[in-house]
Each structure stands twice: as structure tokens, then as C-alpha cells.
Amino acid sequence: MKRKRKPSRQTLLVLSALAARPNDWLYGLEIAQLTELKSGSLYPILIRCSERGLLESQWLEPIVQGRPPRHAYRILPLGADLLAQSHRQIVRLPDQGLPT
Amino acid sequence: MTQLSLIEVILLRLSNWISEPADRDWIAAMAVETTEVRTNRLDWAAGCLLAAIRTKWENQWPRLLLAMASPLLVVVLNALTFGFAATFAGGLLRQELFLLIVMLTPVFCVAVLIGFVAVHQFPLGSTIIAATGNVLFPLMMYWILTSGNPVALLHSEASWLSLTPVLGITAQTFVLASGAYIGRRLRKLNWTSAKST
């Protein structure tokens, strides 16, 4: 059962982190470090955003051999639009202090 | 990347078990990231479990709620339909064996049906029923039936008959669990046949 609701501040924070590097694929751990979100909060947001077409995800082959592929994420135009629409909300990345 | 500890492995397996098949890819993603975490890795693994529960709740909350409330629902439905005396506990408490026998079938059917639906439709149903039906629900009923003094049942002057509500509640829980067991077996059979095809 899907529910439509206004994006939370944490969701906007995740989208901001992805929007700061729109062409790069970011790992979950990187996003967690950028947003200072715990995995318990981060992954439900990533799942929800992916289901709503706000971001895309894919398994990336490891750079170092012998390691497993990692799931990476990149913002989609719909996500960028949502972020732009929510510009009134102050969303800052804790580490970089980047306003969006 | 380092080896995961036993607790971290258990947490991740639990996350995988809780999640829906459609979300398993995400759980796998979390598990891989856990191996990349250098500090507070246990926190990250625990977060994965929390994420699995939250996602499950977001997608399945009506069924989860039904499963959690099913033991209470049995009592309420029985009481509303046939009066409190029609429940196992009520019948035994009032020593009305005839009433108990007459009402046995509908009471049994309702309890079995609720247990069945909860578990057949919801993977975590059996766990929830086990927790609520065997622990929370009996404790609550003992508390109500003994007017907030469950120790009274163990008093040296207490009659053995005072234990009948306890037996009644246990029987009712057992009936609910029977439905849950059938639901679980059928669900596993469906899952196995779907997998083989």
C-alpha cells in the first residue's frame, strides 16, 4: 500500500546529497556520511525515492577484485525537480554546509 | 572490507527474512555496505534490521496491525456475538459446560480463521501471534480475571477451580495458534510450488 506524502526533511537531505554530484553514482555509505543519517533511516528513504522515480540505482562492479558489487544511487530529473520545488525548506548537508 | 561478526550476520539475515521478496535486493545492498563500514558496524547492521522493519511496516501495515490485534479481535468478536460466557475463558470461569460445548464450534472457527488469515497473508504473522497470543494476551487476561493480582491463583487457599480461566485462555490461544499453523503450512506449500514452477 503506497501513500503519497510531502517529502520529509531527511528525504530532501538525501536528494540534496545526490544533487550535489548529479553525474556520480554514490554508495549508501557515502550518502550516509554526507547526510549523517543512520542506515535505519537512510535505506527506507532510498527505497521510497527509488519507487517514486526520484533516483535510480544500480549494482556497480567493484574497482578492487575480490570484492562484491555495490549498490549505487544517482538522482533523476524528477528528484531534482522535487528538490527545486522544496527550495523554501532549508536543507543543508551537515558535512559541507551546502545549501540547495 | 572485513569479516562480519556473528551478531552482524544474524542481524542481516533477520533483515532478509523480514523483508518482502521484492525488497531483497535492497537488503543485499545494505549487507554489502555493512562490510565496507569501518566504525560502528554493529550500528549499521542494526540499522539494516530497522530499515527492513520500517519498509515492511510501510508496505504491510494493515495486515501487520491485524496480526497484532488478532488475539484481541477473537475475544471481542466472541464477546460481541455470543457474550463473554461464550469464550473458552468465560465458559470455564462460570462452570457452564453446556454453554461452552454449544458455543465451541463458532468460537473455534473464528479463532482458527483469524489465525489462518494472519499467517497465510502475512509472513511475520506467526511470530506476532506467538508473541501476542502466548505472552501478551494471556498476561493481560490473567491480570483482568484476577483483578490485577495474578499471584492470587497460586495462594495456598485458592481452589483448583480458580485455575480454569488459565486453562481456558491457554485453550483459546492454542486454537488461534492451530489456525496460524495451518496458514503457515499452506503458505510454505504455495511458496514451494511457485518456486518450482
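Quick check: pseudo-label points 7 Å beyond the Cα along Cα→Cβ at A:SER50 and B:LEU6, how many nm apart are they?
3.2
Order these by the 10 Å Cβ neighbour count, fewest first: B:LYS56, A:LYS6. It would help to have the intermediate numbers written out before the result.
Numbers: B:LYS56 21, A:LYS6 8.
Fewest-to-most Cβ neighbours within 10 Å comes out as A:LYS6, B:LYS56.
R0 = 25 Å: FRET efficiency of B:ARG38 with A:ALA20, Cβ-based, nearest 0.05?
Working: r = 23 Å, r/R0 = 0.92.
The calculated FRET efficiency here is 0.65.
Computed over the Cα atoms, what is the radius of gyration of segment A:3-59 divided by 2.2 N^0.38 Å, N being its residue count?
For segment A:3-59, the normalised Cα radius of gyration comes out at 1.03.
Can you pull out the trypsin sites (Lys or Arg not before Pro) in segment A:1-63 that DSSP calls coil and that have at most 15 other Cβ atoms within 10 Å? Please report the intermediate quantities before stating the final value.
Numbers: sites: A:LYS2, A:ARG3, A:LYS4, A:ARG5, A:ARG9, A:LYS38, A:ARG48, A:ARG52; in loops: A:LYS2, A:ARG3, A:LYS4, A:ARG5, A:LYS38, A:ARG52.
Those satisfying the criteria are A:LYS2, A:ARG3, A:LYS4, A:ARG5.
Set the Förster distance to 25 Å, then compute FRET efficiency between A:GLN10 and A:VAL64 from the Cβ-Cβ distance, nearest 0.05.
Working: r = 31 Å, r/R0 = 1.25.
So, using R0 = 25 Å, E works out to roughly 0.20.
Taking loop as defined by DSSP and a crowding limit of 16 other beta carbons within 10 Å, which GluC sites (Glu not before Pro) in segment A:14-64 fit? Don't skip to the end; give the middle numbers.
Details: sites: A:GLU30, A:GLU36, A:GLU51, A:GLU56; in loops: A:GLU36.
In loop regions of segment A:14-64 (DSSP not H, G, I, E or B), the sparsely surrounded GluC sites (Glu not before Pro) are A:GLU36.
All of the numbers you see were taken from the coordinates with simple rules; none came from a lab. What you see is a predicted model; the values in this text were computed from it and never measured. FYI the Cβ positions are ideal-geometry reconstructions off the backbone, even for glycines, and counts take in every protein chain you see.
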